[in-house]
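Peer 1: Sharing a structure below in structure tokens format, with a few things to ask.
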Amino acid sequence: MDMCMALLFLQALLLPSLADGATPALRFVAVGDWGGVPNAPFHTAREMANAKEIARTVKILGADFILSLGDNFYFTGVQDVNDKRFQETFENVFSDRSLRNVPWYVLAGNHDHLGNVSAQIAYSKISKRWNFPSPFYRLRFKIPRTNVSVAIFMLDTVTLCGNSDDFLSQQPERPRDVKLARTQLSWLKKQLAAAREDYVLVAGHYPVWSIAEHGPTHCLVKQLQPLLATYRVTAYLCGHDHNLQYLQDENGVGYVLSGAGNFMDPSKQHQRKVPNGYLRFHYGAEDSLGGFAYVEINSKDMTVTYIEASGKSLFKTSLPRRSRP
């Protein structure tokens, strides 16, 4: 017993020094399309495997937050703020001790819009870790012990482009409320023009570029992609297609697609719709338990590691810090 106490005391002394020696960084998990199923047990084997591996990753590598990239509740979102799906698909699944105090920053996907997105926003007042203040919003972080800053602009791409019908064209045809779509785009343009952070990320549900089932989102290629280039955005993060992809354009903008939280789709049917040389990584093995992206941002660069739910590291890349405007 005395030996155990001595070891614990030694460990307590060592932990702060190890933490102090670590490179200051902002760390987060980006996962989309994790939203279970509408029938008991209200989760899938893949969602459970992802939750387990996210917990393990957070325990070992640390995470300041989790970025939820939409389709939080399959197949028709939630009905109200008391919907049991919040417990059955979210709270009871991502329940490991290492995740209890890690905040989630949430945006809505096309399946969420088939239900009540306002209820998901209202749930922010009930759950201490669920943060969804409005359909689109800005996050800002400072990397500890540095002057390096990170901005993340969370979008509602369904409001921007319209909802997609998975059984028809796959493409969102037009926004339901054109005025609201214009308001959001105008807000983003002003925010990006004013952004002076060292890293600027934009996140939404629909992909700009994807080789998979849904392919590139025409609306975003036309309206969002030029803004990403003009304002030298570091990366765009999304889900929607149920696999893992990394693409990078000629302007150096990274496209992080992380939609493997609940289903896996091996489709590459839109490979020819993506410009040559953009695709750097694709993983959609049907027998896989899915996966997610782990992002670490320090004063030099931003690294993105794709991790399979089995714990295997699949692909790693890095993006440089922006030069100050």
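The values are calculated or read from the model by the stated rules, or taken from the named source; none is laboratory data. Owing to the predicted nature of the structure, the values given are computational and were not obtained by experimental measurement. No Cβ is skipped: glycine too gets one built from the backbone with ideal geometry, and neighbour counts run over all protein chains shown. Protein only, heavy atoms only, side chains kept; ligands, DNA and RNA dropped before computing areas. Shrake-Rupley method; radii C 1.70, N 1.55, O 1.52, S 1.80 Å.
Peer 1: About its Cα centre, how strong a charge dipole does the chain have in debye, to the nearest 20, once Lys and Arg get +1 and Asp and Glu get -1 at the Cβ?
Peer 2: 1240
Peer 1: Now for a different question. Compare V208, V81 by solvent-accessible area with a 1.4 Å probe and give them largest first, with all protein chains kept in place.
Peer 2: V81, V208
Peer 1: Then there is this: How do the peptides 151-163, 82-94, 247-259 rank, highest first, by the average count of neighbouring beta carbon atoms within 10 Å per residue?
Peer 2: Descending packing order for the listed peptides: 151-163, 247-259, 82-94.
Peer 1: Shifting gears a bit: Structure shown: which of K52/K268; K59/K312; K84/K128; K142/K300; K125/K189; K179/K222 lie over 22 Å apart, alpha-carbon to alpha-carbon?
Peer 2: Too far apart for the 22 Å limit: K52/K268; K125/K189.
Peer 1: Scanning the chain for helices, which whole DSSP H stretches are 18 Å or more long along the axis (Cα) and average 0.5 or more by Kyte-Doolittle?
Peer 2: The qualifying helices are 2-21.
Peer 1: Taking the solvent-accessible surface of protein heavy atoms with a 1.4 Å probe, what is the per residue accessible area of the chain in Å²? Don't skip to the end; give the middle numbers.
Peer 2: Working: 14710 Å² over 325 residues.
Per residue, the chain has 45 Å² of solvent-accessible surface.
Peer 1: At a probe radius of 1.4 Å, what is the per-residue accessible area of I297, in Å² to the nearest 10?
Peer 2: It works out to around 0 Å².
Peer 1: Run through the DSSP bridge list for the chain and note the antiparallel percent, rounded to the nearest 5.
Peer 2: 60
Peer 1: Let me ask you something else. With the full set of protein chains in place, find how many percent of the accessible area of the chain is carbon and sulfur; take the probe as 1.4 Å.
Peer 2: Result for the chain: 54 percent of the exposed heavy-atom area is carbon or sulfur.
Peer 1: Going from most exposed to least, what order do W34, W209 have by accessible area with a 1.4 Å probe?
Peer 2: My answer, sorted largest first, is W209, W34.
Peer 1: Where does the chain land at 222 nm, in deg cm²/dmol rounded to the nearest 500, when only DSSP H runs of n ≥ 4 count, each adding -39500 (n - 2.57), divided by all residues?
Peer 2: -7000 deg cm²/dmol
Peer 1: Add +1 for every Lys or Arg and -1 for every Asp or Glu among the other residues with Cβ under 12 Å from the Cβ of S68, and state the total.
Peer 2: Spelling it out: positives minus negatives among the neighbours equals -2.
Peer 1: So, taking all protein chains as they sit and a 1.4 Å probe, how much accessible area belongs to L289, in Å² rounded to tens?
Peer 2: 80
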